[in-house]
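Right, one structure below, let's go through it.
Please treat every number below as a calculation from the coordinates, not as lab data. Everything numeric in this text was worked out from a predicted model, so none of it was measured. FYI the Cβ positions are ideal-geometry reconstructions off the backbone, even for glycines, and counts take in every protein chain you see.
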Amino acid sequence: MKKVIEASEAVAKAVALCKPAVIPMYPITPQTHIVERLADYINDGLLDSEMIHVESEHSAISAAIGVSSAGTRVFTATASQGLALMHEILYVVSGMRLPVVMAVANRALSAPINIWNDHQDSMGARDSGWIQLYVESSQEALDTIIMAYKIAENKKILLPVMVCLDGFTLSHVWEPADIPSQKDVDGFLPKFNPLYKLDPTKPVTMGPIGFPNSFMNFKEMQQNAIIDSLDVIKKTNSEFMAKFKRGYGNGLIETYKTKDASRAIVCSGTICGTSRVLVDMLREKGEKVGMIKIKSFRPFPVDELKKAVLGIKSLAVVDRSISLGNDGPLCTEVKSVLCDKNIKVSGFIAGLGGRDVTLKHLNIALSKAGKTEKTEWLQ
């Protein structure tokens, strides 16, 4: 069923189709519309789920631990300071190998106080052991939530997934979306059947102390699982494409007109949509440019990026975040991956605190690609 809906509602509809039994929630702009719509579905009898109204985001993610540990599918959502308040528990969720799915409506962190979009919040959590998938549109947000559950609950993975959508720039934008049927989603996403759960008839210990002689072994298992998720993400994207007739590159990255490109923009989120328009405009003028969209930031698609840049001489990496004291985090990753390649990588910071990222900004970045080593700010 095709319908023009707000991206937040698209996320809520996807969550409802995945049928989580419990939804711990705490409202924070700009993710509030997601859980408001889910509350409407529950109140209207359209979703058989229990919504827990907690006292903080720290409590929301803590409640998600209890729900998932009991062997039940769970969903929550947050943004900005809310994600920062969850920070301590993010590591617990991933360390306990709980397949929690959370939507993050990306928003700047204060100070100064700012409620608009950038990627500072989720980038600050990039080392917490969560899979991070960034989306460009309402349709991709809807589809990625469904895929996120299948990825997270894969027995080889069992890791939490963060689906990141730009706050306001996407979360509050109305776009057409094709909403799949419950029957089709049920055919794609199996019922949650955990390997282990809290059960008094079969007692297990979860989250015990890790002494120095074992702690590193647990971290190694987490690392292996998130690296293994590269193939699982690609496979899930392929299966989704086969069933629903749409997909997103190979699930990890997506290229746009890069086959004969000499220059390309590298970006994530809604900046990708603007980049596509610019690429088309410059192509009409005969310029060989393209775009590489990074959908999966964790795990980072190392091999896929190396393949995508074959033939490209220079890259303009546009970050909607800044690792203060260094480059943007996306640029840092790209430079690390391509350090042994003969490709010039230039970093640009744009869109912090909700500032518009325009065609002019991106054109400047492309024109300077490979010509500057110092990270530049597009303002």
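I'd like to know how the stretch 28-164 sits against the 2.2 N^0.38 Å rule of thumb: what's its Cα Rg over that expected value?
Values: Rg = 14.2 Å, N = 137, 2.2 N^0.38 = 14.3 Å.
Against the empirical 2.2 N^0.38 Å value, I get 0.99 for the stretch 28-164.
Rounded to the nearest whole Hz, the Karplus-based 3J(HN,Hα) values (6.51 cos²θ - 1.76 cosθ + 1.60, θ = phi - 60°) of the stretch 302-310 follow the sequence 4, 5, 5, 5, 4, 5, 5, 9, 4, with x at glycine and proline.
Note down the net charge around residue 67, summing +1 for each Lys or Arg and -1 for each Asp or Glu among other residues with Cβ under 11 Å from its Cβ.
Working: positive: 73, 197; negative: 50.
Charge balance near residue 67 sits at +1.
All C-alpha to C-alpha distances of the chain, sorted into 20 Å bins beginning at zero, yield P(r) values of 30, 58, 12, 0 percent in whole numbers. Let me make sure I get this right: for the stretch 96-233, a, b and c are the square roots of the gyration tensor eigenvalues over alpha carbons, sorted descending. Under 1.5 in a/c it's rounded, otherwise prolate if a/b > b/c, else oblate. Which is it? Note, shape of the stretch 96-233 comes out oblate. In order along the stretch 228-242, the Karplus-derived 3J(HN,Hα) couplings, from 6.51 cos²θ - 1.76 cosθ + 1.60 at θ = phi - 60°, round to 4, 5, 4, 6, 5, 4, 5, 5, 5, 4, 5, 5, 5, 4, 5 Hz, and Gly and Pro are given as x.
Could you give me D for the stretch 1-94, from Stokes-Einstein at 10 °C and 1.306 mPa s, where the hydrodynamic radius is the Kirkwood radius over C-alpha pairs? Units µm² s⁻¹, please.
Working: Rh = 13.5 Å.
The Stokes-Einstein estimate is 118 µm²/s.
Counting Lys and Arg as +1 and Asp and Glu as -1 over every other residue whose Cβ lies under 10 Å from the Cβ of residue 150, the net charge comes to -1. The residues neighbouring residue 186, those whose beta-carbon lies less than 15 Å from its own, together hold a net charge of +3 under the Lys/Arg +1, Asp/Glu -1 convention.
Just to be sure I understand: of the beta bridges DSSP finds with both ends in the stretch 2-244, what percent are antiparallel, rounded to 5? Could you put the intermediate results ahead of the total?
On the way: 5 of 24 bridges.
Taking every DSSP beta bridge within the stretch 2-244, about 20 percent pair in antiparallel fashion.
Peptide packing: for 220-226, 109-115, 90-96, 358-364, the average count of neighbouring Cβ atoms within 10 Å per residue gives the ranking 90-96, 358-364, 220-226, 109-115, highest mean first. Taking 19 Å as the straight-line reach from the Cα of residue 2, the lysines in range (excluding those fewer than 8 positions away in the same chain) are 13, 183, 243, 245. Look at where the Cα atoms of the stretch 168-218 and of the stretch 1-66 average out, and the two centres are 15 Å apart. For the chain, the longest principal axis of the C-alpha atoms and the axis of helix 138-152 are separated by about 50°.
Go ahead and run the numbers for FRET between residue 306 and residue 174, Cβ-Cβ distance against an R0 of 35 Å, rounding to 0.05. Plugging the Cβ-Cβ distance into 1/(1 + (r/R0)^6) gives 0.40. Comparing Cα centroids, the stretch 236-261 and the stretch 89-109 end up 25 angstrom apart.
Output the 0 to 90 degree angle, nearest 10, between the alpha-carbon long axis of helix 32-43 and the longest principal axis computed from the alpha carbons of the chain. Relative to the chain, helix 32-43 is tipped by roughly 40 degrees. Around the amide H of residue 22, modelled in the peptide plane, lie the amide H atoms of 50, 75, all under 5 Å away and 5 or more residues distant in sequence or on another chain. Modelled spin-label separation between residue 368 and residue 127, with each label point placed 7 Å from Cα along the Cα-to-Cβ direction: 2.8 nm.
Compute the Rg to Rh ratio over the stretch 229-379 from the alpha carbon atoms, using the Kirkwood formula for Rh, and round to two decimal places.
Working: Rg = 14.9 Å, Rh = 15.6 Å.
Here Rg/Rh amounts to 0.96.
Calculated [222 nm] ellipticity per residue, helices only, for the chain: -12500 deg cm²/dmol; basis is -39500 (n - 2.57) per DSSP H run with n ≥ 4, divided by all residues, nearest 500. The charge dipole of the chain, taken about the Cα centre with unit charges on the Cβ atoms of Lys, Arg (+1) and Asp, Glu (-1), comes to about 1280 debye, rounded to the nearest 20.
Across the stretch 185-234, the volume of the C-alpha convex hull divided among the residues equals 104 Å³ per residue.
Once both labels are positioned 7 Å from their Cα atoms along Cα-to-Cβ, the gap between residue 91 and residue 260 label points is 5.1 nm.
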